[in-house]
1. What ranking of D139, D238 emerges when the number of other C-beta atoms within 10 Å of each C-beta is taken as an exposure proxy, fewest first?
2. Compute the orientation-averaged projected area for the stretch 228-272 from the convex hull of its Cα atoms and round it to one decimal in nm².
3. Quote the convex hull volume per residue of the stretch 68-194, based on C-alpha atoms, as a whole number of Å³.
4. So what is log10(I(q)/I(0)) for the stretch 154-290 at q = 0.10, 0.12 1/Å, when the Debye sum runs over its Cα atoms only?
5. Run lengths n ≥ 4 of DSSP H only: what is the helix-derived mean residue ellipticity at 222 nm for the chain, with -39500 (n - 2.57) per run over all residues, to the nearest 500?
6. State log₁₀ I(q)/I(0) for the stretch 215-254 at q = 0.17, 0.28, 0.34 Å⁻¹ as given by the Debye formula over alpha-carbon point scatterers of equal weight, solvent excluded.
7. Sort K290, K345, K274, K132 so that the residue with the fewest other Cβ atoms within 10 Å of its own Cβ comes first and the one with the most comes last.
8. Starting with the fewest neighbours, write out L148, L18 ranked by other beta-carbon atoms found within 10 Å of each beta-carbon.
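Taken together, the values in this text are just the output of simple stated rules run on the coordinates, not laboratory data. All values derive from a computational prediction rather than experimental measurement. We place every Cβ from the backbone using ideal geometry, glycine too, and count neighbours over all the protein chains shown.
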Amino acid sequence: MISQMTAAVLYGKEDLRLEQVAIPQAAAGELLVRVCAALTCGTDLKVYRRGYHAMMLKPPILFGHELAGVVAEVGAGVTAFREGDRVVALNSAPCDRCFFCTHGQQNLCEELLFNNGAYAEYIRIPARIVEKNTLLIPDGIQFEHAALTEPLACVVRGLEESGAQPGDTMVVIGAGPIGLMFMHVAELAGVNVIAVVKREDQIATARLFGATSIVQIGTVQDIVAATRALTPQGRGADIVIEAVATPGTWEWAVDMVRKGGVVNFFGGPPSGTKVQLDTNRIHYGDITLKASFHHTPATCRTAFELVASGRFKCADYITGRVGLEKVPEVFARMMSRNNGSRDIKTAVFPEGEPK
């Protein structure tokens, strides 16, 4: 077996390089997975733009975290998987021992173990992720579709935490990959979705993924009033999902929700960001404000089942397909998405784009 592989290495802000690095080996409890498909992600773009992520990685480091592939090597003691298995390995796993894990908040685990390196020919899967968050892919499920499990698991948890019920009205602010996933999962759950989008090209995409009403920023005088007007009796939405991560959209979210409703601040702004909220409206409106971060093993499985069921429009999320050598170019292009193209997720194929 060759000892070197091609991998994308993040060195800092907008500094992503393809390099030859050593192929890792599977230690006890671990797997070595040959990456068959990896996906671009808004979190990866955020890290690329900022040059770091306080929790997940510090450069220089192998990059990327949404992947699916085939087991190439099995470490000692692993019995649940064997060479040749088709698997999706999530990007983290909790310890299940700390305060937060034992209080039903595995996403906040004090020792949450992250794994990066999806934009490469091979990736080592740590023992804890092998044990808790690696799943067998059924025959007939494409690798790039299975790789959607990680972001979808975060969205599934966000929807569950928001208490969405069939018949509710939900506003989703933002039509990036995560916002579109919220729209689609909400629609599948019987929720009426109003999308707040920025660009003209996002209108059709939002409709594709389940939005029944759409408000485009810049085409109405008052974005809050226009959105509330689409809700029953104009009272505001039962749930508002903020998926943009700017102070302005956080403030819109609070103004768009009804009395007694729920706002989920899903988008994560940079550290130190401050917002101004109407405390009178929050208090006397009995509004619940919350944020959802990451996923849990349970929501990973729920998301994977949704992908495998065929109900989720996996193919429509994959809007680009490239080989590994194009990864730096793809991220440079993602820095400017205002090009009118319907760009959601790009699938990266280390073995070359499938015919």
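1. Least to most surrounded, the residues fall as D139, D238.
2. Approximately 3.2 nm², given one-decimal rounding.
3. Expressed per residue, the convex hull around the Cα atoms of the stretch 68-194 is 138 Å³.
4. -0.27, -0.39
5. Only helices count here, giving -7500 deg cm²/dmol.
6. Those come out to -0.45, -1.10, -1.23, one per q.
7. K274, K290, K132, K345
8. Placing the least packed residue first, the sequence is L18, L148.
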